[in-house]
1. Mind checking which residues of the stretch 121-179 are hydrophobic (A, V, I, L, M, F, W, C), assigned to a helix (DSSP H, G or I) and either closer than 21 Å to Asp71 by Cβ or touching a Ser or Thr at 6+ places or on another chain (Cβ under 9 Å) (or both)?
2. In the list Ala101, Ala164, which residue meets the criterion of being modelled with pLDDT of 95 or more and under 19 Å from the mean Cα position of the chain (by Cα)?
3. Would you be able to tell me the number of residues in the stretch 53-68 that are modelled with pLDDT of 95 or more and not acidic (Asp, Glu)?
4. Looking at Leu86, Leu41, Leu109, which one is farther than 30 Å from Val177 by Cα, surrounded by 12 or more Cβ atoms within 10 Å (Cβ to Cβ), at pLDDT 90 or above and within 31 Å of the chain's Cα centre (by Cα)?
5. List the strands (runs of 3 or more DSSP E) that sit entirely inside the stretch 7-92 and contain at least 3 residues that are in contact with a Lys or Arg (Cβ under 7 Å, 6 or more places away or on another chain).
6. Specify the residue that is surrounded by the fewest Cβ atoms within 10 Å (Cβ to Cβ); the eligible residues are those in the stretch 121-137 that are over 16 Å from Pro98 (Cα atoms) and in contact with a strand residue (DSSP E or B) (Cβ under 7 Å, 6 or more places away or on another chain).
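The values are calculated or read from the model by the stated rules, or taken from the named source; none is laboratory data. What you see is a predicted model; the values in this text were computed from it and never measured. Neighbour counts run over all protein chains shown; Cβ positions are idealised from the backbone, glycine included.
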Amino acid sequence: MTTFQTPRAGERMISVEEAQERVLAEVTLLGSENVVFTEALGRVLRQDIVAPADVPQADNTAMDGYAVRADDIANPPVRLKVIENLPAGKVATKRVEPGTAIRIMTGALIPDGADTVAHVEITDAGSDFVTVNQPLKRGTNLRKRAEDMRAGEVVLHEGTPVGAAEVGVLASVQKSVVRVSRKPAIAIISTGDEIVEVR
């Protein structure tokens, strides 16, 4: 134990740890309040945040390219018939059968029959037909359902400080209002003459 003064007669010098314990024992927990999630930055969560649904909610593509069957592109180069164009937010109306592909954009749901996405960089980017020039393992470029979070899972725990990443999670689970600790009221009391006004 390091001290910087000699205790007076009859007094006992306490350790830093004991002093901290005494101070913290007198500290009361701040109250809480509900705020819009964008205003929670810098606060501390006072509730667990639970994912209401799987994220993503279905298998989707992580790349622009072509939804294919891995077996079809095992021995490239392979020419496949493009049977549909699938932007994000749309659902395929056709099934990927042997010898076919569906052109797909990042975030779009994987069509039935497909198990892999051939990213556009390994193709000739064809419209009616596409040539795939490299083999890929089954599941390449797929984001699986619940890969990020699963329905019912606690994704942020009570007591977590809210930073930019946590705000992103709150947005992902559609938590528009969140319970956080109130901001403390702070006062600064100067007890010496070391601080002077700027002249």
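1. Hits for the stretch 121-179 are Ile122, Val167, Leu170, Ala171.
2. Of the residues listed, the single one that is modelled with pLDDT of 95 or more and under 19 Å from the mean Cα position of the chain (by Cα) is Ala164.
3. Total meeting the criteria: 8.
4. That would be Leu86, the only listed residue that is farther than 30 Å from Val177 by Cα, surrounded by 12 or more Cβ atoms within 10 Å (Cβ to Cβ), at pLDDT 90 or above and within 31 Å of the chain's Cα centre (by Cα).
5. Fully inside the stretch 7-92 and qualifying: 32-36, 78-86.
6. Filtering first and then ranking leaves Ser127.
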